[in-house]
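**Q** Have a look at this one before I ask anything.
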Amino acid sequence: MSYLRKIEYEIVPEESFPVWRGCPGCGGKTHYRNTEKFRVNANGNKLDVWLIYQCEKCRHTLNLSIYERRSVSSIPREEYRLFLGNDERLAQQYGRDIQLFGRNRAEVDFEGLRYRLEIMRDVTERAEGGPQIKLLAHNPCGMKLRPERQIAELLGVSGSQAKRMLREGEIEMERA
């Protein structure tokens, strides 16, 4: 009789996504970080809202558009108040929204991003053949991480051991 270990986990970023792009101030590609501040601009009854990112080296700014030319009444009142108050939690929430970066054509650098794997469920049950470990990953922020890196971190093994286990079918991985 063999056993199957099922681990369900979530990938949680510990910071806003860093942007990798050319900086006119530095003259080359560099990282931009979330300032946790918003820029709100009104023109008549139309509103623009941006999340402000800043070059790590020279502090040149990059505005990521959240709303463009929207009527004030179409934005929830509480969210509008949080934009005006530069709410850090809201800035972090938008700083982890992969769709925002896609709409703004901003290249996210996932390699240097700090994150943690939160185990939601870890059970062992009897099984007949098949893999010894089955992983189910929840990735609500759409982070791009290599599977062997996740396996190594979850199981406390080296990257090469994780690759071998995946290749030989000892581990099965799914995304939720």
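The values are calculated or read from the model by the stated rules, or taken from the named source; none is laboratory data. Keep in mind it's a predicted model, so treat the numbers as computed, not measured. For neighbour counting, all protein chains shown are included, and Cβ atoms are generated from backbone atoms with ideal geometry for every residue, glycine included. Note: accessible area is taken over every heavy atom of the protein model, side chains too, but ligands, DNA and RNA are not part of it. Shrake-Rupley method; radii C 1.70, N 1.55, O 1.52, S 1.80 Å.
**Q** Is the C-alpha gyration tensor of the stretch 1-58 telling us rounded, prolate or oblate? Criteria: a/c under 1.5 is rounded; beyond that, a/b larger than b/c is prolate, otherwise oblate.
**A** Oblate.
**Q** Let me spell out the model: positive unit charges on the Cβ of Lys and Arg, negative unit charges on the Cβ of Asp and Glu, origin at the Cα centre of the chain. What dipole size does that give, in debye rounded to 20?
**A** Once rounded to the nearest 20, the dipole reads 640 debye.
**Q** Given Cα pairs under 8 Å that are at least 6 residues apart, what percent is the relative contact order of the stretch 29-85?
**A** 32 percent
**Q** A 29 angstrom limit on the alpha carbon distance is what I want to check against. Which of Lys57/Lys163; Lys6/Lys37; Lys37/Lys163; Lys37/Lys144; Lys6/Lys144 exceed it?
**A** Check vs 29 Å cut-off fails for Lys57/Lys163; Lys6/Lys37; Lys37/Lys163.
**Q** Still on this structure, I have one more. For a distance above 26 Å, tell me the whole-number percent of Cα pairs in the stretch 17-168 that qualify.
**A** Here the tail beyond 26 Å accounts for 45 percent of pairs.
**Q** Also, I was wondering about something else. So what's the back-of-envelope 222 nm ellipticity for the chain, counting only DSSP H runs of four-plus at -39500 (n - 2.57) apiece and dividing by all residues, rounded to 500?
**A** -6000 deg cm²/dmol
**Q** Report Thr61's accessible area, 1.4 Å probe, all protein chains in place, as a number in Å² to the nearest 10.
**A** Spelled out: Thr61, probe radius 1.4 Å, area about 70 Å².
**Q** Here's a follow-up. Projected onto the charge dipole of the stretch 22-68 (+1 at Lys/Arg Cβ, -1 at Asp/Glu Cβ, origin at the Cα centre), which of Gln54, Gly27, Val40 gives the Cα projection farthest towards the positive end?
**A** Gly27
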